[in-house]
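In what follows, a structure is listed as C-alpha coordinates, so that the remarks can point back to it.
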Amino acid sequence: MSTVANELRKDYLLDRWVVIATQRKKRPTDFKQRLEEKRQAGVCALEPGNEHMTPPAVLVYLPTNGGIRKDRDLNGFRHKNWIVRCVPNLYPAFTPPKEGEWLGLESGLFTRASATGHHEVLIESPKHHEHPSVAKVSQLIHVINAYLDRIQELSSKPYVKYVSVFRNHGLEAGASLSHAHTQLIATPIMPKIMEEELKASKEFYNKNYGCTFCEIIEQEEQSPRSIWKNKHFVVFAPWASVHPFEFWVFPKRHQCCLLDLSRSEVEALAKTMRVCLGGLRTLLGDPPYNFGFHQITCGARDYYHWHLEVYPRLTIWAGFEKSTGMFINVVSPEDAAKHLREAMLEEEKKI
(Lines give C-alpha, C1' and ligand atoms only; values in the text may rest on other atoms or scores of the structure.)
Protein backbone atom coordinates (compact mmCIF):
# COMPACT_ATOMS: atom_id res chain seq x y z
CA MET A 1 0.00 0.00 0.00
CA SER A 2 1.20 3.52 -0.78
CA THR A 3 2.83 5.39 2.07
CA VAL A 4 1.62 8.74 0.73
CA ALA A 5 -1.09 10.07 3.02
CA ASN A 6 -4.45 11.17 1.75
CA GLU A 7 -5.00 14.91 2.04
CA LEU A 8 -7.71 17.53 2.13
CA ARG A 9 -7.58 20.31 -0.45
CA LYS A 10 -9.71 23.46 -0.60
CA ASP A 11 -10.97 24.97 -3.84
CA TYR A 12 -9.20 28.15 -5.01
CA LEU A 13 -12.29 30.30 -4.30
CA LEU A 14 -15.27 28.22 -3.22
CA ASP A 15 -15.80 27.06 0.35
CA ARG A 16 -15.50 23.47 -0.87
CA TRP A 17 -13.16 20.72 0.30
CA VAL A 18 -12.00 17.62 -1.56
CA VAL A 19 -10.30 14.51 -0.21
CA ILE A 20 -7.46 13.52 -2.56
CA ALA A 21 -7.47 9.82 -1.69
CA THR A 22 -4.12 8.67 -3.10
CA GLN A 23 -4.25 5.51 -0.97
CA ARG A 24 -7.16 4.42 -3.16
CA LYS A 25 -5.21 5.34 -6.29
CA LYS A 26 -6.45 4.11 -9.66
CA ARG A 27 -4.88 4.07 -13.11
CA PRO A 28 -6.54 5.32 -16.32
CA THR A 29 -7.08 1.71 -17.43
CA ASP A 30 -9.23 1.15 -14.33
CA PHE A 31 -11.71 3.67 -15.72
CA LYS A 32 -11.37 2.97 -19.43
CA GLN A 33 -14.42 1.29 -20.83
CA ARG A 34 -16.47 0.95 -23.94
CA LEU A 35 -20.00 1.72 -22.93
CA GLU A 36 -22.87 0.19 -24.86
CA GLU A 37 -25.44 2.92 -24.52
CA LYS A 38 -28.92 1.48 -24.30
CA ARG A 39 -31.36 3.85 -25.94
CA GLN A 40 -34.82 3.27 -27.24
CA ALA A 41 -34.81 2.41 -30.91
CA GLY A 42 -36.42 5.07 -33.04
CA VAL A 43 -35.91 8.13 -35.17
CA CYS A 44 -33.52 10.83 -33.96
CA ALA A 45 -35.37 14.15 -33.85
CA LEU A 46 -32.13 16.07 -34.31
CA GLU A 47 -31.18 14.40 -37.60
CA PRO A 48 -31.40 16.29 -40.91
CA GLY A 49 -34.77 15.58 -42.48
CA ASN A 50 -36.51 15.46 -39.09
CA GLU A 51 -36.58 19.21 -38.46
CA HIS A 52 -40.39 19.04 -38.15
CA MET A 53 -39.93 16.98 -34.97
CA THR A 54 -38.47 19.94 -33.06
CA PRO A 55 -39.83 23.42 -32.32
CA PRO A 56 -38.90 26.08 -34.91
CA ALA A 57 -35.20 26.92 -34.78
CA VAL A 58 -34.27 30.23 -33.15
CA LEU A 59 -30.97 30.12 -35.06
CA VAL A 60 -29.70 28.20 -38.08
CA TYR A 61 -26.37 28.46 -39.88
CA LEU A 62 -26.80 27.83 -43.61
CA PRO A 63 -24.01 27.40 -46.20
CA THR A 64 -23.79 30.16 -48.80
CA ASN A 65 -21.06 31.12 -51.28
CA GLY A 66 -18.27 29.56 -49.25
CA GLY A 67 -19.51 31.18 -46.03
CA ILE A 68 -22.58 30.98 -43.81
CA ARG A 69 -25.91 32.77 -43.58
CA LYS A 70 -27.72 33.10 -40.25
CA ASP A 71 -31.48 32.69 -40.15
CA ARG A 72 -34.33 31.19 -38.12
CA ASP A 73 -37.45 29.10 -38.77
CA LEU A 74 -40.67 31.10 -39.13
CA ASN A 75 -44.37 30.35 -39.64
CA GLY A 76 -44.01 26.59 -39.62
CA PHE A 77 -41.16 26.64 -42.16
CA ARG A 78 -38.09 24.54 -41.36
CA HIS A 79 -34.71 25.21 -42.97
CA LYS A 80 -32.86 22.26 -44.47
CA ASN A 81 -29.18 21.78 -45.34
CA TRP A 82 -28.05 23.44 -42.11
CA ILE A 83 -24.60 23.48 -40.50
CA VAL A 84 -25.67 24.28 -36.91
CA ARG A 85 -29.21 24.53 -35.57
CA CYS A 86 -30.54 25.82 -32.24
CA VAL A 87 -34.08 24.99 -31.06
CA PRO A 88 -36.12 25.48 -27.87
CA ASN A 89 -36.07 22.40 -25.63
CA LEU A 90 -39.28 20.36 -25.91
CA TYR A 91 -39.24 19.85 -22.13
CA PRO A 92 -37.82 23.13 -20.81
CA ALA A 93 -36.75 23.78 -17.22
CA PHE A 94 -37.19 27.53 -17.78
CA THR A 95 -39.73 29.20 -20.08
CA PRO A 96 -40.15 32.74 -21.47
CA PRO A 97 -42.68 34.93 -19.64
CA LYS A 98 -46.20 35.17 -20.97
CA GLU A 99 -48.24 38.35 -20.91
CA GLY A 100 -49.67 38.90 -17.44
CA GLU A 101 -47.62 36.08 -15.90
CA TRP A 102 -46.42 36.47 -12.30
CA LEU A 103 -42.69 37.14 -12.23
CA GLY A 104 -42.24 38.02 -8.58
CA LEU A 105 -40.46 36.51 -5.61
CA GLU A 106 -42.16 35.24 -2.46
CA SER A 107 -39.87 35.02 0.56
CA GLY A 108 -40.18 33.18 3.83
CA LEU A 109 -39.99 29.56 4.87
CA PHE A 110 -41.47 28.53 1.50
CA THR A 111 -39.58 30.88 -0.81
CA ARG A 112 -40.38 30.67 -4.49
CA ALA A 113 -40.00 32.53 -7.77
CA SER A 114 -41.19 32.03 -11.31
CA ALA A 115 -38.88 29.80 -13.41
CA THR A 116 -38.72 32.42 -16.14
CA GLY A 117 -36.04 32.12 -18.77
CA HIS A 118 -35.06 30.02 -21.76
CA HIS A 119 -33.91 26.45 -22.36
CA GLU A 120 -32.42 25.64 -25.75
CA VAL A 121 -30.71 22.76 -27.55
CA LEU A 122 -27.87 23.66 -29.89
CA ILE A 123 -27.43 20.87 -32.45
CA GLU A 124 -23.70 20.90 -33.12
CA SER A 125 -23.64 19.12 -36.46
CA PRO A 126 -25.86 17.42 -39.05
CA LYS A 127 -23.71 14.34 -38.39
CA HIS A 128 -25.05 12.30 -35.49
CA HIS A 129 -21.71 11.41 -33.89
CA GLU A 130 -19.71 14.58 -34.62
CA HIS A 131 -19.00 15.27 -30.97
CA PRO A 132 -16.22 17.76 -30.03
CA SER A 133 -13.76 14.92 -29.36
CA VAL A 134 -13.79 13.89 -33.04
CA ALA A 135 -15.24 16.91 -34.87
CA LYS A 136 -13.43 18.96 -37.45
CA VAL A 137 -12.02 22.15 -35.96
CA SER A 138 -13.90 24.10 -38.66
CA GLN A 139 -17.20 22.67 -37.38
CA LEU A 140 -16.33 23.53 -33.78
CA ILE A 141 -15.69 27.12 -34.86
CA HIS A 142 -19.31 27.24 -36.08
CA VAL A 143 -20.49 25.76 -32.78
CA ILE A 144 -18.64 28.35 -30.70
CA ASN A 145 -19.89 31.19 -32.90
CA ALA A 146 -23.43 29.89 -32.39
CA TYR A 147 -22.81 29.95 -28.63
CA LEU A 148 -21.87 33.62 -28.97
CA ASP A 149 -24.97 34.44 -31.00
CA ARG A 150 -27.30 32.84 -28.49
CA ILE A 151 -25.49 34.25 -25.43
CA GLN A 152 -25.74 37.72 -26.97
CA GLU A 153 -29.46 37.31 -27.59
CA LEU A 154 -30.39 35.66 -24.29
CA SER A 155 -28.31 37.92 -22.04
CA SER A 156 -30.06 40.97 -23.49
CA LYS A 157 -33.41 39.88 -21.98
CA PRO A 158 -34.32 42.03 -18.94
CA TYR A 159 -35.44 38.99 -16.91
CA VAL A 160 -32.23 36.99 -17.55
CA LYS A 161 -29.48 37.15 -14.92
CA TYR A 162 -27.29 34.28 -16.13
CA VAL A 163 -26.76 32.20 -19.29
CA SER A 164 -25.43 28.68 -18.72
CA VAL A 165 -23.80 26.87 -21.65
CA PHE A 166 -23.24 23.20 -20.84
CA ARG A 167 -22.86 19.78 -22.38
CA ASN A 168 -23.84 16.30 -21.18
CA HIS A 169 -22.07 13.47 -23.02
CA GLY A 170 -23.26 9.91 -22.46
CA LEU A 171 -26.17 8.44 -20.55
CA GLU A 172 -24.32 8.45 -17.22
CA ALA A 173 -23.76 12.19 -17.65
CA GLY A 174 -27.46 12.88 -18.22
CA ALA A 175 -27.62 12.98 -22.02
CA SER A 176 -31.04 11.75 -23.13
CA LEU A 177 -30.13 12.27 -26.80
CA SER A 178 -27.01 10.79 -28.39
CA HIS A 179 -26.87 13.26 -31.31
CA ALA A 180 -24.09 15.82 -30.75
CA HIS A 181 -25.61 18.79 -28.93
CA THR A 182 -25.05 21.46 -26.28
CA GLN A 183 -27.69 23.07 -24.07
CA LEU A 184 -28.21 26.68 -23.05
CA ILE A 185 -30.30 27.72 -20.06
CA ALA A 186 -31.00 31.37 -19.24
CA THR A 187 -32.06 31.87 -15.62
CA PRO A 188 -33.69 34.75 -13.68
CA ILE A 189 -31.25 34.36 -10.76
CA MET A 190 -27.48 34.05 -10.41
CA PRO A 191 -26.54 30.39 -9.63
CA LYS A 192 -24.89 29.75 -6.26
CA ILE A 193 -21.48 28.67 -7.57
CA MET A 194 -21.24 31.69 -9.85
CA GLU A 195 -22.34 33.95 -7.01
CA GLU A 196 -19.58 32.56 -4.78
CA GLU A 197 -16.95 32.87 -7.50
CA LEU A 198 -18.00 36.45 -8.16
CA LYS A 199 -17.87 37.40 -4.49
CA ALA A 200 -14.44 35.84 -3.91
CA SER A 201 -12.90 37.25 -7.09
CA LYS A 202 -14.26 40.74 -6.34
CA GLU A 203 -12.82 40.63 -2.82
CA PHE A 204 -9.44 39.60 -4.23
CA TYR A 205 -9.56 42.43 -6.78
CA ASN A 206 -10.45 45.05 -4.17
CA LYS A 207 -7.56 43.90 -1.98
CA ASN A 208 -4.90 43.21 -4.63
CA TYR A 209 -6.03 45.28 -7.65
CA GLY A 210 -5.79 42.22 -9.87
CA CYS A 211 -7.64 39.14 -11.10
CA THR A 212 -7.38 36.06 -8.90
CA PHE A 213 -7.94 33.83 -11.93
CA CYS A 214 -5.02 35.44 -13.76
CA GLU A 215 -2.85 34.59 -10.76
CA ILE A 216 -4.15 31.01 -10.72
CA ILE A 217 -3.31 30.69 -14.44
CA GLU A 218 0.21 32.04 -13.92
CA GLN A 219 0.94 29.57 -11.14
CA GLU A 220 -0.79 26.52 -12.61
CA GLU A 221 0.85 26.98 -16.01
CA GLN A 222 4.16 26.15 -14.27
CA SER A 223 2.81 23.48 -11.90
CA PRO A 224 2.68 19.65 -12.15
CA ARG A 225 -1.02 20.07 -12.91
CA SER A 226 -0.37 21.86 -16.21
CA ILE A 227 -1.65 19.80 -19.17
CA TRP A 228 -1.64 21.68 -22.48
CA LYS A 229 -1.56 25.18 -23.93
CA ASN A 230 -1.44 27.17 -27.14
CA LYS A 231 -1.05 30.86 -27.90
CA HIS A 232 -4.42 31.81 -26.44
CA PHE A 233 -5.45 29.09 -23.95
CA VAL A 234 -4.06 27.10 -21.04
CA VAL A 235 -5.39 23.77 -19.71
CA PHE A 236 -4.72 22.33 -16.26
CA ALA A 237 -6.10 19.97 -13.63
CA PRO A 238 -7.42 22.13 -10.77
CA TRP A 239 -5.74 21.93 -7.35
CA ALA A 240 -8.86 20.57 -5.62
CA SER A 241 -10.37 18.50 -8.44
CA VAL A 242 -13.73 17.03 -7.49
CA HIS A 243 -13.73 14.45 -10.31
CA PRO A 244 -10.98 12.07 -11.46
CA PHE A 245 -9.32 13.53 -14.60
CA GLU A 246 -11.19 16.83 -14.28
CA PHE A 247 -9.59 19.71 -16.20
CA TRP A 248 -10.21 23.42 -16.76
CA VAL A 249 -9.62 25.60 -19.83
CA PHE A 250 -8.78 29.31 -19.41
CA PRO A 251 -8.13 32.06 -21.95
CA LYS A 252 -4.73 33.64 -21.31
CA ARG A 253 -6.08 37.12 -22.03
CA HIS A 254 -8.25 38.49 -19.24
CA GLN A 255 -11.91 38.50 -20.31
CA CYS A 256 -15.10 37.98 -18.36
CA CYS A 257 -17.27 36.15 -20.90
CA LEU A 258 -17.25 34.33 -24.21
CA LEU A 259 -18.53 37.46 -25.94
CA ASP A 260 -15.06 38.98 -25.45
CA LEU A 261 -13.42 36.40 -27.73
CA SER A 262 -11.64 37.65 -30.83
CA ARG A 263 -11.88 35.75 -34.10
CA SER A 264 -8.42 34.22 -33.61
CA GLU A 265 -9.37 33.20 -30.06
CA VAL A 266 -12.53 31.48 -31.32
CA GLU A 267 -10.38 29.41 -33.66
CA ALA A 268 -7.91 28.67 -30.87
CA LEU A 269 -10.72 27.63 -28.52
CA ALA A 270 -12.10 25.27 -31.17
CA LYS A 271 -8.70 23.60 -31.49
CA THR A 272 -8.30 23.50 -27.70
CA MET A 273 -11.66 21.77 -27.25
CA ARG A 274 -10.85 19.27 -30.01
CA VAL A 275 -7.45 18.42 -28.51
CA CYS A 276 -8.64 18.23 -24.91
CA LEU A 277 -11.84 16.27 -25.43
CA GLY A 278 -10.16 14.08 -28.03
CA GLY A 279 -7.37 13.31 -25.57
CA LEU A 280 -9.92 12.49 -22.88
CA ARG A 281 -11.72 10.16 -25.29
CA THR A 282 -8.52 8.34 -26.22
CA LEU A 283 -7.25 8.05 -22.66
CA LEU A 284 -10.46 6.79 -21.05
CA GLY A 285 -12.40 5.18 -23.89
CA ASP A 286 -14.96 7.92 -24.64
CA PRO A 287 -16.14 8.37 -21.05
CA PRO A 288 -19.34 10.17 -20.06
CA TYR A 289 -18.65 13.75 -19.08
CA ASN A 290 -20.22 17.11 -18.38
CA PHE A 291 -18.76 20.46 -19.23
CA GLY A 292 -19.88 23.96 -18.38
CA PHE A 293 -18.71 27.47 -19.17
CA HIS A 294 -18.39 29.84 -16.21
CA GLN A 295 -18.89 33.39 -17.43
CA ILE A 296 -20.39 36.76 -16.51
CA THR A 297 -21.82 38.83 -19.33
CA CYS A 298 -21.88 42.18 -17.55
CA GLY A 299 -20.71 44.04 -14.46
CA ALA A 300 -17.57 42.07 -13.59
CA ARG A 301 -15.14 42.86 -16.39
CA ASP A 302 -12.23 43.84 -14.13
CA TYR A 303 -12.24 40.89 -11.76
CA TYR A 304 -13.98 37.88 -13.35
CA HIS A 305 -12.28 35.54 -15.85
CA TRP A 306 -14.40 33.11 -17.86
CA HIS A 307 -13.37 29.47 -18.16
CA LEU A 308 -14.56 26.01 -19.18
CA GLU A 309 -14.71 23.20 -16.63
CA VAL A 310 -14.81 19.55 -17.80
CA TYR A 311 -15.97 16.81 -15.43
CA PRO A 312 -15.55 13.14 -16.49
CA ARG A 313 -18.25 11.02 -14.85
CA LEU A 314 -16.18 8.06 -13.68
CA THR A 315 -17.35 7.63 -10.08
CA ILE A 316 -20.67 7.79 -8.26
CA TRP A 317 -21.31 10.26 -5.47
CA ALA A 318 -22.64 8.27 -2.54
CA GLY A 319 -23.79 8.91 1.02
CA PHE A 320 -20.70 10.77 2.25
CA GLU A 321 -20.66 13.24 -0.63
CA LYS A 322 -24.40 13.84 -0.67
CA SER A 323 -24.72 14.27 3.10
CA THR A 324 -21.62 16.43 3.66
CA GLY A 325 -20.94 18.39 0.47
CA MET A 326 -17.35 17.12 0.67
CA PHE A 327 -15.98 14.99 -2.16
CA ILE A 328 -13.53 12.10 -2.51
CA ASN A 329 -11.30 12.01 -5.59
CA VAL A 330 -9.32 8.77 -6.04
CA VAL A 331 -6.95 10.23 -8.66
CA SER A 332 -4.71 13.13 -7.69
CA PRO A 333 -4.77 16.13 -10.04
CA GLU A 334 -1.03 15.69 -10.56
CA ASP A 335 -1.42 12.09 -11.75
CA ALA A 336 -4.43 13.02 -13.88
CA ALA A 337 -2.48 15.86 -15.49
CA LYS A 338 0.41 13.55 -16.37
CA HIS A 339 -1.81 11.08 -18.21
CA LEU A 340 -3.96 13.77 -19.84
CA ARG A 341 -0.85 15.66 -20.96
CA GLU A 342 0.46 12.61 -22.81
CA ALA A 343 -2.92 11.87 -24.39
CA MET A 344 -3.51 15.46 -25.52
CA LEU A 345 -0.05 15.82 -27.03
CA GLU A 346 -0.75 12.69 -29.09
CA GLU A 347 -4.20 13.99 -30.04
CA GLU A 348 -2.73 17.28 -31.22
CA LYS A 349 -0.72 15.39 -33.83
CA LYS A 350 -3.93 14.06 -35.40
CA ILE A 351 -5.40 17.47 -36.16
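The values are calculated or read from the model by the stated rules, or taken from the named source; none is laboratory data. Remember, it's a predicted structure, so these values are computed and weren't measured experimentally. Virtual Cβ from ideal backbone geometry, glycine too; neighbours counted across all protein chains shown.
Condition first: among the hydrophobic types (A, V, I, L, M, F, W, C), surrounded by fewer than 18 Cβ atoms within 10 Å (Cβ to Cβ) and not in a helix (DSSP H, G or I). Now tell me which residues in region 161-179 satisfy that.
Step one: list which residues in region 161-179 are among the hydrophobic types (A, V, I, L, M, F, W, C), which gives 163, 165-166, 171, 173, 175, 177.
Adding the requirement that they be surrounded by fewer than 18 Cβ atoms within 10 Å (Cβ to Cβ) leaves 166, 171, 173, 177.
Hits for region 161-179 are 166, 177.
Hey, any hits in region 205-228 for a residue that's more than 18 Å from residue 272 (Cβ to Cβ), in contact with a Cys (Cβ under 8 Å, 6 or more places away or on another chain) and assigned by TED's automatic domain parsing to the domain that holds residue 19?
Within region 205-228 (the criterion being more than 18 Å from residue 272 (Cβ to Cβ), in contact with a Cys (Cβ under 8 Å, 6 or more places away or on another chain) and assigned by TED's automatic domain parsing to the domain that holds residue 19), the answer is yes, since at least one residue qualifies.
Here's the yes/no breakdown for (1) among the hydrophobic types (A, V, I, L, M, F, W, C); (2) touching a residue at least 12 places away in the same chain (Cβ under 8 Å):
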position	(1), (2)
260	no, yes
272	no, yes
293	yes, yes
304	no, yes
308	yes, yes
316	yes, no
323	no, no
348	no, yes
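For region 334-346, does any single residue satisfy the condition of being within 30 Å of residue 190 (Cα to Cα), surrounded by 15 or more Cβ atoms within 10 Å (Cβ to Cβ) and modelled with pLDDT of 95 or more? Outline the logic, then answer.
Applying the first criterion (within 30 Å of residue 190 (Cα to Cα)) to region 334-346 yields none.
No, because not a single residue in region 334-346 is within 30 Å of residue 190 (Cα to Cα), surrounded by 15 or more Cβ atoms within 10 Å (Cβ to Cβ) and modelled with pLDDT of 95 or more.
Among the residues in region 247-256, are any in contact with a Pro (Cβ under 6 Å, 6 or more places away or on another chain) and not assigned by TED's automatic domain parsing to the domain that holds residue 131? Even if it seems obvious, please write down each step before you answer.
Here is the first cut: in region 247-256, the ones in contact with a Pro (Cβ under 6 Å, 6 or more places away or on another chain) are 248.
Among the residues that remain, those that are also not assigned by TED's automatic domain parsing to the domain that holds residue 131 are: 248.
Checked region 247-256: at least one residue is in contact with a Pro (Cβ under 6 Å, 6 or more places away or on another chain) and not assigned by TED's automatic domain parsing to the domain that holds residue 131.
Of the numbered conditions (1) part of a strand (DSSP E or B); (2) closer than 25 Å to residue 28 by Cα, residue 182 fails exactly one; give the number of that condition.
(2)
Here are some conditions: (1) more than 30 Å from residue 326 (Cα to Cα); (2) at pLDDT 95 or above; (3) hydroxyl-bearing (Ser, Thr, Tyr). Residue 64 meets all but one. Which one does it not meet?
Condition not satisfied by residue 64: (2).
Could you please find all residues in region 55-95 being touching a residue at least 40 places away in the same chain (Cβ under 8 Å), assigned to a loop (DSSP other than H, G, I, E, B) and surrounded by 15 or more Cβ atoms within 10 Å (Cβ to Cβ)?
58, 82, 83, 89, 94
Here is a list: 188, 158. Which entry is buried (at least 16 other Cβ atoms within 10 Å of the Cβ) and at pLDDT below 95? So that I can check it myself, show each step before the final result.
Details: 158 fails: buried (at least 16 other Cβ atoms within 10 Å of the Cβ).
Within the list 188, 158, the selection yields 188.
Which of the following residues is modelled with pLDDT under 95 and over 22 Å from residue 331 (Cβ atoms): 263, 301, 274, 253?
Numbers: 263 fails: modelled with pLDDT under 95; 274 fails: modelled with pLDDT under 95; 253 fails: modelled with pLDDT under 95.
Within the list 263, 301, 274, 253, the selection yields 301.
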